[in-house]
Amino acid sequence: AKLDEPEFGLRTEAVDTGELLDDIALRFAERAARQGVRMRSDTAAPGGGAAPRAELDVELFERAVANLVDNALKFCPAGSTVTLAAAARDGRVEVSVADDGPGIPAADLPQLFDRFYQSRPTVAPATAEGGRGLGLAIVKRIAELHGGDAAVESVLGGGTRVVLTLPAASSSRRDELPIA
């Protein structure tokens with residue numbers, strides 16, 4: 001509800017998405033290892049360059065990605081891999097969390113970002129254990145507040161990938177110009 005308030009304002013800064021994703025992967029590494037799930041961070045640009053920079057509210061961005069990683073770890077069986085990635089595309093930055101877990105039924109995909117929607121018939125709704133169906137709605141709202149969007153791709157039995165499309169950091173920012 002706080003994110004929906006008209007006076008809510010982002011505190012954005014130009015940041016290296018790779019560093020943020022590496023930090024989030026480290027934060028979840030122990031939990032993933034206990035579950036037998038491998039955490040990967042694939043944030044280098046093609047050719048080994050630096051990960052793209054984005055204009056982000058770091059706290060909100062980390063919350064969105066943590067929600068996605070938490071979901072992946074909830075549903076991935078031992079032996080799975082969760083991959084965090086960032087790439088520059090068409091003047092934007094795409095940040096993704098992908099897994100090779102069980103996937104999501106195609107019929108559920110259109111509602112995944114709706115508040116309180118849960119794509120798991122075996123878990124009672126609104127339980128702390130299974131979640132409340134707000135995580136993906138929060139992720140989408142955070143992306144929208146940044147002027148971006150969230151999308152999901154999934155294949156039943158073949159994994160899920162959630163992509164956040166966010167604004168790239170402007171290279172003309174005063175703090176990024178070389179000193180003459």
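Just so you know, all these numbers are worked out from the coordinates, no wet-lab data involved. Treat the numbers as computed from the prediction; the structure is a model and nothing was measured. Please note: Cβ atoms are built from the backbone with ideal geometry, for glycine as well, and neighbour counts cover all protein chains shown.
Observations, loosely collected:
- Here the 3J(HN,Hα) profile of region 92-109, calculated from phi with Karplus coefficients 6.51, -1.76 and 1.60 at θ = phi - 60°, is 10, 10, 9, 10, 10, 10, 10, 9, 10, x, x, x, 10, x, 4, 5, 8, 4 Hz, Gly and Pro shown as x.
- The H on the amide N of Arg38, modeled in the peptide plane, is under 5 Å from the matching H of Gly79, Ser80, Thr81, Val82, each at least 5 residues off or on a different chain.
- Label-point separation in nm, Arg31 to Ser170, each point 7 Å along Cα→Cβ: 3.6
- Summing Lys and Arg as +1 and Asp and Glu as -1 over all other residues whose Cβ lies under 13 Å from the Cβ of Val37 gives a net charge of +1.
- Point-charge dipole on Cβ atoms (K/R +1, D/E -1) for region 10-71, about Cα centre, debye to 20: 340
- Net dipole in debye of region 40-108 [+1 Lys, Arg Cβ; -1 Asp, Glu Cβ; about Cα centre; nearest 20]: 140
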